[in-house]
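The values are calculated or read from the model by the stated rules, or taken from the named source; none is laboratory data. Nothing here was measured: the structure is a model prediction, and the numbers come from that model. Quick reminder, even Gly has a Cβ in these numbers, built from the backbone with ideal geometry, and neighbours come from all protein chains shown.
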Amino acid sequence: MEMERRSPDVLILGGGLMGLAIAWELAEQGARVQVLGRNLQEAAGRAAAGMLAPEAEGLPPGPFLELALASRQMYGNWVAKLEALTGESVDYWPCGILKPVCGNSPVEDMGPGQSLRPEVEILQPGLGPGVVAAHWYPQDGQVDNRRLVAALDQGCRLRGVALQTGEAHRLVVEDDRVVAVETSAGRMEADQIVLTAGAWCRTLLNIPVFPRKGQMLALRPPQGVSGLGRVVFGRAYLVPRRDGRLVIGATSEDVGFTPGLTPAGLGYLLQEAQWLYPALADWTVEECWWGYRPTTPDELPILGPSPYENLVLATGHYRNGVLLAPITAQLIAEGLVRRRPHPQLAAFRWNRFSAPAP
């Protein structure tokens, strides 16, 4: 006798880092989850270096900084749980982040006339002569974002999440509910739906989320040469992996969905990287890539309820998607399970951009 096919409790539109993180969290809580994802090669999780940098980014005080700090605090336990399930390392490394101050910039909060170049050399030898001082953020760090996405994919599969490749074309709406989603894989239905399609969300819902292209590259040091021991966060950022590979990023280009790498973009990154760490001139270029970060007019994410009662949003993370994955997954999943949005998400509501009625 053929078993009746049941719709999932939750359908997640978007199979990148954020969609997988939410799916895994929901599956851990016993929900039946299906994920529909498109081309991961263009996703924001790929156009990232994996920095966990709420302090180095200089985020202003307020709800967003509080959210970012809470997510950084969660990271160690969150990835340990994922690694225990999958047996795969995501190379979480709370190595600290060094933010250089160049010779023509004011040295803020370091005391009048005080030069910290000797201390900088202790933290990270070999920085360029234009670096006269630095801010040091010991609690910031990094994770290998590619390994993280792969581990989340595996974790979802081990927890029974249905992962399907395809594109969502249209939300089918009746009254104030999404009753189905028309996709390249056919019509899909679910009790609750989460839109985590990153820079492509606007193709399904009229919310102000736009692509911001990022180009990146990775270098490999010559044999016998040790790599950097800290993340160095300047106009370009240098993110060392434990195996010696150095990730350099990233441009931020308002060019829509224009694909590909450019000499101007890669040239800028290499110039800034060598200014920070001159020895890189002799390293080998190992890989170059690009992707699209989802951003909003105020560069803050859109999280929580949507115009439809059973559609939840998790998009627009821009430069901080890797950092915010644990807290986003937790709060979105909690809201779905309890059937009411978490109050911490109120500052990131979808309609905050609308002008107030006269």
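Contact map, the range 303-329: residues that are outside the structural domain of Ala68 (by TED's automatic domain parsing) paired with residues that are at pLDDT 95 or above and among the aliphatic types (A, V, I, L, M), Cβ distance under 6 Å, separation 6+ or inter-chain. No pairs are found.
Any residue in the range 89-97 that is within 24 Å of the chain's Cα centre (by Cα), surrounded by fewer than 18 Cβ atoms within 10 Å (Cβ to Cβ), small (Gly, Ala, Ser) and at pLDDT 95 or above? Yes: one or more hits. Among the listed residues Thr203, Thr251, Thr258, which satisfies the condition of being surrounded by fewer than 22 Cβ atoms within 10 Å (Cβ to Cβ), closer than 26 Å to Cys102 by Cα and among the hydroxyl-bearing types (Ser, Thr, Tyr)? Step by step, each of Thr203, Thr251, Thr258 is checked, and only Thr251 is surrounded by fewer than 22 Cβ atoms within 10 Å (Cβ to Cβ), closer than 26 Å to Cys102 by Cα and among the hydroxyl-bearing types (Ser, Thr, Tyr). For the criterion of being at pLDDT 95 or above, among the hydroxyl-bearing types (Ser, Thr, Tyr) and more than 18 Å from the chain's Cα centre (by Cα), Tyr237 fails. Within the range 157-169, residues that are in the same structural domain as Val35 (by TED's automatic domain parsing) reach partners that are of a type in the set (A, V, I, L, M, F, W, C) and exposed (fewer than 14 other Cβ atoms within 10 Å of the Cβ) with beta carbons closer than 6 Å, at six or more positions or on different chains, in the pairs Gln164/Ala185; Gly166/Ala185.
This table checks each residue for (1) at pLDDT 95 or above; (2) closer than 28 Å to Glu309 by Cα.
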{"residue": "Glu121", "(1), (2)": "no, no"}
{"residue": "Ala134", "(1), (2)": "no, no"}
{"residue": "Tyr137", "(1), (2)": "no, no"}
{"residue": "Gly160", "(1), (2)": "yes, yes"}
{"residue": "Glu167", "(1), (2)": "no, yes"}
{"residue": "Leu171", "(1), (2)": "yes, yes"}
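Only a single criterion out of (1) out of contact with any helix residue (DSSP H, G or I) (no Cβ under 9 Å at 6 or more places or on another chain); (2) modelled with pLDDT under 95; (3) at negative phi; (4) assigned by TED's automatic domain parsing to the domain that holds Leu313 is not satisfied by Met3, namely (4).
The selection criterion, being of a type outside the set (D, E, K, R) and touching an Asp or Glu at 6+ places or on another chain (Cβ under 9 Å), does not hold for Val285. Can you tell me how many residues in the range 42-85 are closer than 20 Å to Gly96 by Cβ, small (Gly, Ala, Ser) and without any contact (Cβ under 8 Å) to a residue 40 or more places away in the chain? Total meeting the criteria: 3. Residues in the range 240-291 that are acidic (Asp, Glu) and either assigned to a loop (DSSP other than H, G, I, E, B) or within 23 Å of the chain's Cα centre (by Cα) (or both): Asp243, Glu253, Asp254, Glu272, Glu286, Glu287.
Considering the range 301-332, the residues that are in contact with a Ser or Thr (Cβ under 7 Å, 6 or more places away or on another chain) and part of a helix (DSSP H, G or I) include one that is farthest from Leu171 (Cα to Cα), namely Leu323. Note on the range 261-271: among residues that are small (Gly, Ala, Ser) and loosely packed, with under 12 Cβ neighbours inside 10 Å, the one that is farthest from Lys213 (Cα to Cα) is Gly267.
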